[in-house]
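The values are calculated or read from the model by the stated rules, or taken from the named source; none is laboratory data. Computed from a predicted structure; not experimentally measured. All Cβ positions, glycine included, derive from the backbone under ideal geometry; neighbour counts span all protein chains shown.
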Amino acid sequence: EVYDSRTAGTENLSDVEDYWTNVSGLDGRSNATEPWRYVPESEGGPLFGDGLLDGYHQPFGLTGYQMLYDIQYPNLTDVFDAYTEDLEFLRSVDWISKRTRIVELSFAAYNGNYDLWVMSRFVLEMSVNGAISPSYTLDALRIRADDATENAREDMNSWRQDTTRLVLALLVLFYHVTREVLYEWNKTRRVWYYLLNVMGLVDLGTVGLYIAIHVLRWWHVKSIGVSYDFGTVYQDRNVFDVADLLFLEAMLLALCIVRLLSFARLNRNVFLIWKSVTRSFGQLLMLIWIACPMFVGMLLMAHALWSSSRPQFRTLAGSAMGLLMALMGDVDVLLRDGSVVVDPWSVLIVVLYMGIFFVLLMCSWTAVLALAYQTTRVEGGYDLDDYKWKEYDYVTWLLPAALARLYVKYVRKSIRPPIDDDEE
C-alpha cells in the first residue's frame, strides 16, 4: 500500500499547540512554523518547498508537520538546550508515532575558508512492517556572487553558440542527409535504407540532439535562477536541469565521434575492421532473443537472493549493473559478502550466469567476428591496387557535384576512367 496525502492524518495536535504557543520565538525557535498543524502539499512551507521527497521504498509528497530552528542564533547553547527540551516533550505526546512514515532532518552549513555550502539531509523512513530505512544526502556547492545581469549575459552567450551549432545541424539535415538519401535512391531505389541504417540514425540523432539542446538552452534563458558550480538551480520546477543538458552534450559528442570515425573507412584496414564488426553484431542480434529472457531471469534471481544483504542489489537497476560488471570480469561483485563462507546459491548463480553468458555471448561473438572478418577480406579482394582510390575518386567523393564536374571537364580531363561497354 502506498501512503500519500490522502491517507495521512491531518488533525491538529492540541498538546503541541499549547506547548509551542508558549515557547515560539524563544531560544532560536522559529515562529514561521506551527508544529501542531498539518501542512498540505499546496502550502509547502519554509522547509518543504516544491517537488517530492524520495524515500527508500516510495516517494513522499512534501506534506506533514514541521519545526524550524535558527542555527545562526547568537547563543547556540540555548538553541541546543531548547531543541533537546522540545524533543523530550514531543516524545511524551507521541509526535512521532506508529502512524509516522518518514522523518527528515535538514540543515545547511557554510565554510568561509573555502566559500562552500554543505546541504545536509538525513531521512528515517518507517515501512509498514516496522523496519526503519535510514538514508542521507550531503551536497557541497558554491554560490556564485555574480549579479543577475552577468548570469543572463553568460546564458545568452551560450544560447548564441547553440544557435550557431543549430545552423550547422540544419546544414547536415538539408544537405548531407539529402545527398545520402538521393544516393541510395539512385543506387537501390530504397529511400529508407539509409535512414534506418546505423549511419543514418547517427546523422538524424545528431541533428535531433542539436535541436533539443538549442530549445532547452532557450528555455533556460527565459528562467530566473541561482547559479552554482555544478549548474544552475532555477525557480521554475519545469525547467530542464543543467546536468541533463550536459548528458545530452555527452551523447552528442559520442555521435559526432562515431560519424568522424566512419570517414576513416577510406582506409582499407579500417574498412575491413568496421565492416567485420558491424556484420558480426548483425548476426549476434539473433542471440538477443535468447539472451534477454535469460538475463531477466538471472536478474530476478540475484535481486531476490541478495537484496536484503548487499547494497548493490537492493534495486533492480543496481542488480542489473552488478550483473553487467560481473560479465565484464568483476566476479567479486557476485561473491562478495559480509561472511567468510559463501552460500551455495550464490555459487550456483555465478556458475550459471558466467557459464551461460560468457560462453554464449563472448565466445560465440568472437567466433562470429573471426568468420565475418575473413568473409569481408574475401569480398574486398586481395589485390590492393584494384581497390586503391585514384584522383577521380577523391574528386568525386570530396567535392560538391558541380565543382567535381567542372574539375573533370576543364582542369583534369585525363583522370576520368574509361566507360565499360556494359555501362554504355
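Overview of results
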quantity: Options M286, M294; residue that is surrounded by 14 or more Cβ atoms within 10 Å (Cβ to Cβ) and over 27 Å from T206 (Cα atoms); calculated: M294
quantity: Count of region 72-110 residues which are acidic (D, E), surrounded by fewer than 15 Cβ atoms within 10 Å (Cβ to Cβ) and touching a strand residue (DSSP E or B) at 6+ places or on another chain (Cβ under 6 Å); calculated: 0
quantity: Residue match in region 2-22 (condition: β-branched (V, I, T), closer than 27 Å to A109 by Cβ and modelled with pLDDT under 85); calculated: no
quantity: Members of region 116-134 found to be assigned to a loop (DSSP other than H, G, I, E, B) and either surrounded by 11 or more Cβ atoms within 10 Å (Cβ to Cβ) or in contact (Cβ under 8 Å) with a residue 60 or more places away in the chain (or both), listed by number; calculated: S127, V128
quantity: Out of R190, R165, sole residue that is basic (K, R) and not in a helix (DSSP H, G or I); calculated: R190
